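The values are calculated or read from the model by the stated rules, or taken from the named source; none is laboratory data. Keep in mind that what you see is a predicted model, and the values were worked out from it rather than measured. Positions of Cβ are generated from backbone atoms using ideal geometry, with glycine treated the same way; all protein chains shown enter the neighbour counts.
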């Protein structure tokens with residue numbers, strides 16, 4: 001029989017008593033009775049949460065409304081990169097496209113010694129300036145000691161070198177040295193040196209235009225470069241959506257000159273040689289296309305090197321043939337004869353009686369040799385350069401009309417030109433000119449008034465082109481590509497004289513070269529007209545004893561005029577210094593080169609095989625073009 005514990009309350013058995021302690025170790029489960037939460041506590045929690053949400057909302061609104069622009073700009077500054085333009089300028093080229101001025105990239109080398117580290121070094125290692133100097137000296141061609149001394153104890157921002165060319169900069173980069181920084185900048189270079197300095201000018205070390213076309217055409221020469229903005233990703237990769245249309249476009253426009261570097265070189269070399277021989281103060285040589293006013297050459301001496309402008313006197317930075325006045329003398333006589341013909345005051349077959357001297361208003365007037373020439377026609381007046389003959393011819397023109405003509409052709413008006421610094425000439429007032437007989441008398445042979453060599457060139461171009469006053473200029477404007485080879489159209493010009501009148505004067509000028517006392521530019525097969533001039537030099541209205549200005553003007557070819565050549569030499573020394581001895585040899589060399597370079601065919605058969613001149617060889621010609629022989633006065 002199995003005994004069981006009942007509920008009678010009897011004592012437990014022994015096994016049950018042994019298990020009782022283990023049963024007491026069980027955790028007792030406590031039951032908490034539910035109680036209602038006080039309303040004040042719920043309200044406090046709700047208000048706390050609401051306050052937090054309101055605070056976040058206010059902060060968000062503050063960031064979006066008040067701080068939005070500032071934060072957006074900070075974000076854009078991190079996400080975008082702005083590339084500032086370095087101020088490049090457009091090149092300048094001659095009429096054949098040869099470079100006259102251009103920007104070349106140069107570099108400044110900065111050192112930051114606290115970051116010196118070589119490729120392969122531990123990133124925490126900092127190299128000494130001596131270590132860097134050892135590797136850098138051979139690239140910069142500088143002594144190590146000089147580099148170390150330049151860096152000294154400074155930790156950053158040390159300028160080691162400047163004006164480094166791109167090749168040297170590339171070799172510095174290849175060293176891979178941390179702590180070296182190359183700063184790029186443009187530098188204006190003038191590869192032709194002194195050849196075009198008188199008209200092109202230069203930029204100073206701060207790249208500010210100081211003279212010539214660089215200054216007068218500064219706005220056109222500046223490239224229209226704006227600040228470039230480019231978006232970048234987190235790793236620095238450029239993103240295309242941040243690049244504005246046309247931001248990476250750069251035009252290839254160039255300022256093209258009408259000047260020809262080859263002819264300019266011939267003119268300058270001939271001018272410098274003659275000035276040295278005659279110990280002259282200065283000189284100018286100019287060549288103009290009479291059809292449109294383009295200058296093919298404008299050489300001036302002494303000159304300067306715009307690449308090293310600081311080594312020269314500032315007085316050389318101006319082109320005196322455009323800015324300084326002088327009395328033209330006998331080279332103005334053809335202009336006056338054209339005025340007299342236009343007024344019908346003289347006839348083409350008329351004559352004057354040259355006695356060698358005469359008195360006007362109590363003032364004596366002489367020929368240059370103080371000799372008379374008898375009864376002579378107007379071609380002879382020019383051939384012997386008779387002052388008396390010119391006074392007698394221009395006496396037939398009323399002084400008031402003479403003065404009006406000098407005003408009409410612009411003696412006292414600034415010429416319409418793109419040459420920087422051009423000035424107007426000086427002419428006596430109408431009252432003085434008409435009331436004092438000596439004034440129209442001296443004006444008859446080119447004295448008593450003043451003008452610039454540029455103005456005289458323009459007036460002789462007017463005689464050559466049939467009476468039109470064209471504007472002298474040295475630029476064709478901004479061009480690119482095939483536009484550089486395009487020729488300028490003929491200019492209309494202002495009609496002033498009758499073409500028949502100018503044709504007659506050209507025939508008289510041709511007789512000067514053919515039959516005059518100095519046929520220095522006579523060339524077989526070519527019809528050339530010319531006129532020399534030797535005028536006294538005045539300063540503040542007073543003539544300087546012994547000071548002369550010698551000049552010569554030539555027009556060619558007479559049958560179809562295209563070019564005018566003018567040479568002016570200021571204060572040559574020597575008793576035999578005249579236009580024929582000083583200026584004509586320069587003009588002759590220029591004309592020889594001009595005939596070759598512009599392929600001007602002879603007007604008449606020469607009967608001689610073509611020969612290349614020194615000017616042609618100097619310009620790179622191979623001698624295949626025809627060249628007329630020249631007769632030189634001994």
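Every residue, every condition in (1) over 15 Å from residue 411 (Cβ atoms); (2) surrounded by fewer than 24 Cβ atoms within 10 Å (Cβ to Cβ); (3) at pLDDT 95 or above; (4) out of contact with any strand residue (DSSP E or B) (no Cβ under 9 Å at 6 or more places or on another chain), yes or no:
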{"position": "457", "(1), (2), (3), (4)": "no, no, yes, no"}
{"position": "461", "(1), (2), (3), (4)": "yes, no, yes, no"}
{"position": "477", "(1), (2), (3), (4)": "yes, yes, no, no"}
{"position": "489", "(1), (2), (3), (4)": "yes, yes, no, yes"}
{"position": "521", "(1), (2), (3), (4)": "yes, no, no, no"}
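Kindly establish whether residue 248 is surrounded by fewer than 20 Cβ atoms within 10 Å (Cβ to Cβ), touching a helix residue (DSSP H, G or I) at 6+ places or on another chain (Cβ under 9 Å), modelled with pLDDT under 90 and outside any helix (DSSP H, G or I). Spell out how you get there, then give the answer.
Details: surrounded by fewer than 20 Cβ atoms within 10 Å (Cβ to Cβ): yes; touching a helix residue (DSSP H, G or I) at 6+ places or on another chain (Cβ under 9 Å): no; modelled with pLDDT under 90: yes; outside any helix (DSSP H, G or I): yes.
In short, no.
Which is at pLDDT below 90 and over 25 Å from residue 276 (Cβ atoms), of 614, 607?
Numbers: 614 fails: over 25 Å from residue 276 (Cβ atoms).
After ruling out the rest, the residue left standing is 607.
Has segment 136-154 got at least one residue that is surrounded by 12 or more Cβ atoms within 10 Å (Cβ to Cβ), in contact (Cβ under 8 Å) with a residue 40 or more places away in the chain and not in a helix (DSSP H, G or I)?
First, pick out the residues of segment 136-154 that are surrounded by 12 or more Cβ atoms within 10 Å (Cβ to Cβ): 136-137, 139-140, 142, 144, 146-148, 150-151, 154.
Still in the list and also in contact (Cβ under 8 Å) with a residue 40 or more places away in the chain: 136, 151, 154.
Going one step further and asking which of them are not in a helix (DSSP H, G or I), we end up with 154.
The answer is yes; a qualifying residue exists.
Out of all the residues in segment 412-451, which are under 22 Å from residue 562 (Cα atoms), out of contact with any helix residue (DSSP H, G or I) (no Cβ under 6 Å at 6 or more places or on another chain) and touching a residue at least 60 places away in the same chain (Cβ under 8 Å)? I'd like the intermediate steps shown before the answer.
Taking segment 412-451 and keeping what is under 22 Å from residue 562 (Cα atoms), we get 415-419.
Now drop any that are not out of contact with any helix residue (DSSP H, G or I) (no Cβ under 6 Å at 6 or more places or on another chain), which leaves 416-418.
Those that are under 22 Å from residue 562 (Cα atoms), out of contact with any helix residue (DSSP H, G or I) (no Cβ under 6 Å at 6 or more places or on another chain) and touching a residue at least 60 places away in the same chain (Cβ under 8 Å): 417, 418.
Out of all the residues in segment 293-302, which are in a loop (DSSP other than H, G, I, E, B) and crowded, with 20+ Cβ neighbours inside 10 Å?
Matches in segment 293-302: 293 only.
Evaluate segment 427-449: report whether one residue or more is under 27 Å from the mean Cα position of the chain (by Cα), in the same structural domain as residue 365 (by TED's automatic domain parsing) and surrounded by 17 or more Cβ atoms within 10 Å (Cβ to Cβ). Write out each step before concluding.
So in segment 427-449, the residues under 27 Å from the mean Cα position of the chain (by Cα) come out as none.
No, every residue in segment 427-449 fails to be under 27 Å from the mean Cα position of the chain (by Cα), in the same structural domain as residue 365 (by TED's automatic domain parsing) and surrounded by 17 or more Cβ atoms within 10 Å (Cβ to Cβ).
For segment 271-285, which residues satisfy the criterion of being buried (at least 24 other Cβ atoms within 10 Å of the Cβ) and more than 11 Å from residue 572 (Cβ to Cβ)?
271, 284, 285
Assuming residue 311 fulfils every condition listed in (1) in contact with a helix residue (DSSP H, G or I) (Cβ under 6 Å, 6 or more places away or on another chain); (2) surrounded by fewer than 20 Cβ atoms within 10 Å (Cβ to Cβ); (3) within 30 Å of residue 197 (Cα to Cα) apart from one, which condition is it?
It fails just one condition, (1).
Between 506, 539, which is within 37 Å of the chain's Cα centre (by Cα), under 17 Å from residue 460 (Cα atoms), assigned by TED's automatic domain parsing to the domain that holds residue 452 and free of Cβ contacts under 8 Å to residues at least 60 places away in the same chain? Quick ask: steps written out before the conclusion?
Values: 539 fails: under 17 Å from residue 460 (Cα atoms).
Exactly one of 506, 539 is within 37 Å of the chain's Cα centre (by Cα), under 17 Å from residue 460 (Cα atoms), assigned by TED's automatic domain parsing to the domain that holds residue 452 and free of Cβ contacts under 8 Å to residues at least 60 places away in the same chain, namely 506.
For segment 303-324, name all the residues that are under 17 Å from the mean Cα position of the chain (by Cα) and outside any helix (DSSP H, G or I). Spell out how you get there, then give the answer.
Keep residues of segment 303-324 that are under 17 Å from the mean Cα position of the chain (by Cα), which gives 303-309, 316-319, 322.
Within segment 303-324, 303, 304, 305, 318, 319 qualify.
Given the structure, is residue 377 touching a strand residue (DSSP E or B) at 6+ places or on another chain (Cβ under 6 Å) and surrounded by fewer than 23 Cβ atoms within 10 Å (Cβ to Cβ)? Break it down into steps so the answer makes sense when it comes.
On the way: touching a strand residue (DSSP E or B) at 6+ places or on another chain (Cβ under 6 Å): yes; surrounded by fewer than 23 Cβ atoms within 10 Å (Cβ to Cβ): yes.
For residue 377, the condition - touching a strand residue (DSSP E or B) at 6+ places or on another chain (Cβ under 6 Å) and surrounded by fewer than 23 Cβ atoms within 10 Å (Cβ to Cβ) - is met.
Within segment 218-233, is even one residue at pLDDT below 95, in contact with a helix residue (DSSP H, G or I) (Cβ under 8 Å, 6 or more places away or on another chain) and surrounded by 23 or more Cβ atoms within 10 Å (Cβ to Cβ)?
Yes.
Could you look through segment 491-519, keep only residues that are surrounded by 18 or more Cβ atoms within 10 Å (Cβ to Cβ) and in contact with a strand residue (DSSP E or B) (Cβ under 7 Å, 6 or more places away or on another chain), and pick out the one that is nearest to residue 580 (Cα to Cα)?
Checked segment 491-519; the qualifying residue nearest to residue 580 (Cα to Cα) is 518.
Count, please, the residues in segment 206-216 that happen to be without any contact (Cβ under 8 Å) to a residue 24 or more places away in the chain and in a loop (DSSP other than H, G, I, E, B).
Selection size over segment 206-216: 2.
Taking residue 547, is it out of contact with any helix residue (DSSP H, G or I) (no Cβ under 6 Å at 6 or more places or on another chain), assigned by TED's automatic domain parsing to the domain that holds residue 459, under 22 Å from residue 282 (Cβ atoms) and at pLDDT 90 or above? Outline the logic, then answer.
Details: out of contact with any helix residue (DSSP H, G or I) (no Cβ under 6 Å at 6 or more places or on another chain): yes; assigned by TED's automatic domain parsing to the domain that holds residue 459: yes; under 22 Å from residue 282 (Cβ atoms): yes; at pLDDT 90 or above: no.
No; evaluated as a whole, the condition is false for this residue.
Looking at this structure, is residue 599 surrounded by 16 or more Cβ atoms within 10 Å (Cβ to Cβ) and modelled with pLDDT under 95?
In short, no.
Would you pick out the residues in segment 107-135 that are in contact with a helix residue (DSSP H, G or I) (Cβ under 8 Å, 6 or more places away or on another chain) and closer than 30 Å to residue 201 by Cα?
Answer for segment 107-135, where residues must be in contact with a helix residue (DSSP H, G or I) (Cβ under 8 Å, 6 or more places away or on another chain) and closer than 30 Å to residue 201 by Cα: 107, 109.
Within segment 534-544, restricting attention to residues that are within 17 Å of residue 332 (Cα to Cα) and either in contact with a helix residue (DSSP H, G or I) (Cβ under 9 Å, 6 or more places away or on another chain) or not in a strand (DSSP E or B) (or both), which residue is modelled with the highest pLDDT? Give the derivation first.
Residues of segment 534-544 that are within 17 Å of residue 332 (Cα to Cα), as a first pass: 534-538.
Retained after the next criterion (residues that are either in contact with a helix residue (DSSP H, G or I) (Cβ under 9 Å, 6 or more places away or on another chain) or not in a strand (DSSP E or B) (or both)): 534-536.
On the way: 534: 90, 535: 87, 536: 84.
Across segment 534-544, the extreme among qualifying residues is 534.
Specify which of the listed residues (186, 166) is closer than 30 Å to residue 304 by Cα, surrounded by fewer than 14 Cβ atoms within 10 Å (Cβ to Cβ) and assigned by TED's automatic domain parsing to the domain that holds residue 214.
166
Out of the helices (runs of 4 or more DSSP H) lying entirely within segment 338-409, which hold 1 or more residues that are under 43 Å from the mean Cα position of the chain (by Cα) and more than 23 Å from residue 469 (Cβ to Cβ)?
Details: elements: 378-383, 387-394, 399-408.
Fully inside segment 338-409 and qualifying: 378-383, 387-394.
Please go through segment 162-205 and pick out each residue that is assigned to a loop (DSSP other than H, G, I, E, B) and over 22 Å from residue 100 (Cα atoms). Steps first, answer last, please.
In the first step, residues of segment 162-205 are kept if they are assigned to a loop (DSSP other than H, G, I, E, B); the result is 165, 176-177, 179, 190-192, 201-202, 204-205.
The answer is 176, 177, 179.
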